[in-house]
Protein chains: 2
Amino acid sequence: MMKSSLSWLENMQFQCDTRGLITKMDATEEHGGQNTAPSPKELVLNAMMGCTAMDVVSILKKMRQEITEFKMDIEAEKTTEHPMHFKMAELIFMLKGNIEPEKAIKAVDSSLTRYCGVNYMISKTCIITFKVILNDSVIKQGPVNFIEPKQGT
Amino acid sequence: MMKSSLSWLENMQFQCDTRGLITKMDATEEHGGQNTAPSPKELVLNAMMGCTAMDVVSILKKMRQEITEFKMDIEAEKTTEHPMHFKMAELIFMLKGNIEPEKAIKAVDSSLTRYCGVNYMISKTCIITFKVILNDSVIKQGPVNFIEPKQGT
């Protein structure tokens, strides 16, 4: 069982305590906040990147590839009707190092078809695409399509 | 368009930059991390709380209710098969103040049927339930069921 707690600070500012680790959230100024911390939807974008990034780094490490730099960008578009949610998102992987292109592609493919639970959840209401850039060259891009897990697990 | 960026720091530690606002993530020790920051899935739990908390606080403010304390807990259970994702989650709202019970219920209901995009997205693969505790008394509990938005928006 995973657990977390939230406390209201003031205005639109909230603080979460997860195993003693603190996360703050605030609304943007256009939504009545003061822009002191990411919004909840921005945290979801960050979690989408972090979840697949952890997969890709650990898979490439197991494949004994030497990553000197690993960065990602995400861009997402929201619906205009409530409940406003992501309708399109692109995950861009930017890797540098002594990495074989087919291994970089295999690591990203494994994460985005089988392992990354956060992107799996968001993919139910959002068309997610990805692009892999290795040492400044695009080596793969396409749609994210997860293999469905077995039922009842 | 919403945007964010991620950089790998070391091991399983990553840092996101969202409009200049920093969010860190780390894996737990059992997943090869060092537990210096919440995991991506924990960030999603925090975003689930923050998204509905912002709705509820702003709706109650518009209703001129006096909130002296607003806290939330979330508990979630993951699947054991990949891609591991939330299969059940409970959102517990704990409000204190000079608040009419029916207005607290209406604020939570509005958020969790119509406004909260983060819980809407997660509800596609997870059974979400909620409980509202006002001044230490449970005043409402039940399943979360969103009204589907119009297509193509």
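The values are calculated or read from the model by the stated rules, or taken from the named source; none is laboratory data. Please read all numbers here as calculations on a predicted model, not as lab measurements. Here Cβ is always computed from backbone atoms with ideal geometry, including for glycine, and neighbour counts include all displayed protein chains. We work out accessible area using only protein heavy atoms, side chains counted, and drop any ligands, DNA or RNA first. Shrake-Rupley method; radii C 1.70, N 1.55, O 1.52, S 1.80 Å.
List of remarks:
- In the set (1) modelled with pLDDT of 95 or more; (2) polar (S, T, N, Q); (3) more than 13 Å from residue B:44 (Cα to Cα), the condition left unmet by residue A:28 is number (1).
- If you filter region B:7-55 down to residues that are more than 7 Å from chain A (Cβ to nearest Cβ) and more than 14 Å from residue A:54 (Cβ to Cβ), you find that the one that is most open to solvent (accessible area, probe 1.4 Å) is B:19.
- Test: residue in region B:72-94 that is among the aromatic types (Phe, Trp, Tyr), in contact (Cβ under 8 Å) with a residue 40 or more places away in the chain and more than 16 Å from residue A:117 (Cβ to Cβ): yes
- The residue of region B:132-153 that is farthest from the chain's Cα centre (by Cα), among those that are within 14 Å of another protein chain (Cβ to nearest Cβ) and under 18 Å from residue B:72 (Cα atoms), is B:133.
- Residue B:108 meets all of the listed conditions (1) more than 7 Å from chain A (Cβ to nearest Cβ); (2) in a strand (DSSP E or B); (3) of a type in the set (Val, Ile, Thr) but one, namely (2).
- One residue stands out in region A:141-153 among those that are touching a residue at least 24 places away in the same chain (Cβ under 8 Å) and loosely packed, with under 15 Cβ neighbours inside 10 Å: the one that is farthest from residue B:81 (Cα to Cα), namely A:145.
- The listed residue being in contact (Cβ under 8 Å) with a residue 40 or more places away in the chain and over 30 Å from residue B:54 (Cα atoms), out of A:138, A:118, A:108: A:108
- Leading residue by the ranking (most open to solvent (accessible area, probe 1.4 Å)) among those in region A:56-79 that are more than 7 Å from every other protein chain (Cβ to nearest Cβ) and assigned to a helix (DSSP H, G or I): A:62
- Qualifying residue in region A:115-126 (condition: crowded, with 22+ Cβ neighbours inside 10 Å, more than 14 Å from chain B (Cβ to nearest Cβ) and either in a helix (DSSP H, G or I) or modelled with pLDDT of 95 or more (or both)): no
- Members of region B:91-108 found to be open to solvent by 50 Å² or more (accessible area, probe 1.4 Å) and not polar (S, T, N, Q), listed by number: B:94, B:96, B:100, B:101, B:102, B:103, B:106
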